[in-house]
1. With the stretch 1-69 as the region, which helices (runs of 4 or more DSSP H) entirely inside it contain at least 1 residues that are under 21 Å from Phe185 (Cβ atoms)?
2. For the stretch 1-17, what are the residues that are within 16 Å of ligand 2 (Cβ to nearest atom) and either among the aliphatic types (A, V, I, L, M) or without any contact (Cβ under 8 Å) to a residue 24 or more places away in the chain (or both)?
3. If a residue has to be part of a loop (DSSP other than H, G, I, E, B) and either more than 17 Å from the chain's Cα centre (by Cα) or buried (at least 17 other Cβ atoms within 10 Å of the Cβ) (or both) to count, how many in the stretch 122-158 make the cut?
4. Those residues that are within 24 Å of Lys57 (Cβ to Cβ) and either among the β-branched types (Val, Ile, Thr) or without any contact (Cβ under 8 Å) to a residue 12 or more places away in the chain (or both), I need them from the stretch 177-207; list them, please.
5. Pairs under 7 Å by beta carbon, first residue closer than 14 Å to Lys132 by Cβ in the stretch 143-154, partner acidic (Asp, Glu), six or more apart or different chains?
6. Search the stretch 71-118 for residues being basic (Lys, Arg) and in a helix (DSSP H, G or I), and hand back the single one that is farthest from the chain's Cα centre (by Cα).
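The values are calculated or read from the model by the stated rules, or taken from the named source; none is laboratory data. No experiment lies behind these values; they were computed from the predicted model shown. Cβ sites come from the backbone with ideal geometry, for glycine too, and all protein chains shown count toward neighbours. Side chains included, ligands, DNA and RNA excluded: accessible areas come from the protein's heavy atoms. Shrake-Rupley method; radii C 1.70, N 1.55, O 1.52, S 1.80 Å.
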Amino acid sequence: MKIIMLGAPGAGKGTQAKMIAQSYKLPHISTGDIFRANIKEGTDLGKEAKTYMDEGKLVPDELTVRILLDRVAKGDCKDGYVLDGFPRTIPQAEVLEKELEKLGDKVDYAINVDVPDENIINRMSGRRACLKCGATYHIKHVPPKKEGICDVCGSELVLRDDDKPETVKKRLDVYHEQTQPLIEFYTKRDVLKTVNGNADPKDVFAAIKEILD
Ligand code: ADP
Ligand code: AMP
C-alpha cells in the first residue's frame, strides 16, 4: 500500500503517518526528517537544505526528488510506504507518478489532514521535536512523559528553528501556493480522502483506519 499524507505544516501528518506505519507495518518516510538528519550530521545536502528550511521555503524539487527516489528504491519499500511531506509541489507529484508508472504501480491513498490555518500557529509553537529519532510532541496536546525529554530515545527535545511564528506564517503561504494544488491533483486520480485533523490524534487515526481498512 502506497500512502501520501497531505495537509498544512503542523496539521498532524507526521503524527498520523507514524501511527499508520506502525499499524500497517510500512516504512514512514519524511523528507523533512531526512533533511534534518543531514543538517545534524553536517552533510553538504544538509547545509544546502537548511538555507531554504530556515526561511520557510521549499527545498528545490530537483534535490528533494533525488533524495526521495533513492529512499523508496530501498528494499523495505517494496510492499509500500507512507510518505510524509512529499510530494509538496505538482512537479514532485508528477515525478512520483511517472516513477510508479514505470513499475506498473500507483499511489493508493492521498490522505488530506484538514486543519484550519488559525489552529496551525498554536500547534507549531507548542511542537517539540527529537532531532535524533524524529519523534514529535506537543507541550499541551501530546506531552512527553518527562518534560523536554524524548520518550523513545531519551534525547533532549527542541523547538524546531522553522517552527517560530514568523517562519510558520511563511510556510503556510508556501503551502497554500505550492502544495494545496495537490488536493485537486489527487482528487482527479480518485485517491484523495480528507479527514478532519482538528480532533484528538486517536480520533483522527480512527477515521484514517476506516478509510484504509
Ligand atoms: P506535520 O507533520 O503535519 O507538520 P505534526 O504531526 O508534527 O505535523 O504535528 C504538529 C504538532 O501538533 C505537534 O506538536 C503534534 O504533537 C501536534 N498534534 C498532532 N496531531 C494533533 C491533534 N490531532 N491535535 C492536537 N495536536 C496535534
Ligand atoms: P516538514 O518536516 O515536513 O515540516 O518539512 C520541513 C521543511 O523541509 C519544509 O518547510 C521544507 O523546507 C523542507 N521540505 C520537506 N519536504 C519537502 C519537499 N517535499 N519539498 C520541498 N521541501 C521540503
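1. Per the criteria, 13-24, 31-41.
2. Result: Ile3, Ile4, Met5, Leu6, Ala8, Ala11, Ala17.
3. Of the residues in that region, 20 qualify.
4. Of everything in the stretch 177-207, those that are within 24 Å of Lys57 (Cβ to Cβ) and either among the β-branched types (Val, Ile, Thr) or without any contact (Cβ under 8 Å) to a residue 12 or more places away in the chain (or both) turn out to be Glu177, Thr179, Gln180, Ile183, Glu184.
5. Pro144/Asp151; Gly148/Glu156; Ile149/Glu156
6. The residue in question is Lys102.
Quick grid of which residues meet (1) open to solvent by 70 Å² or more (accessible area, probe 1.4 Å); (2) closer than 24 Å to Cys130 by Cβ; (3) of a type in the set (A, V, I, L, M); (4) in contact (Cβ under 8 Å) with a residue 40 or more places away in the chain:
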| position | (1), (2), (3), (4) |
| --- | --- |
| Lys40 | yes, yes, no, yes |
| Thr43 | no, yes, no, no |
| Glu62 | yes, no, no, no |
| Lys78 | yes, no, no, no |
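Here is a yes/no grid of residues against (1) open to solvent by less than 50 Å² (accessible area, probe 1.4 Å); (2) charged (D, E, K, R):
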| site | (1), (2) |
| --- | --- |
| Asp84 | yes, yes |
| Pro87 | yes, no |
| Leu103 | no, no |
| Val107 | yes, no |
| Val113 | yes, no |
| Asp117 | no, yes |
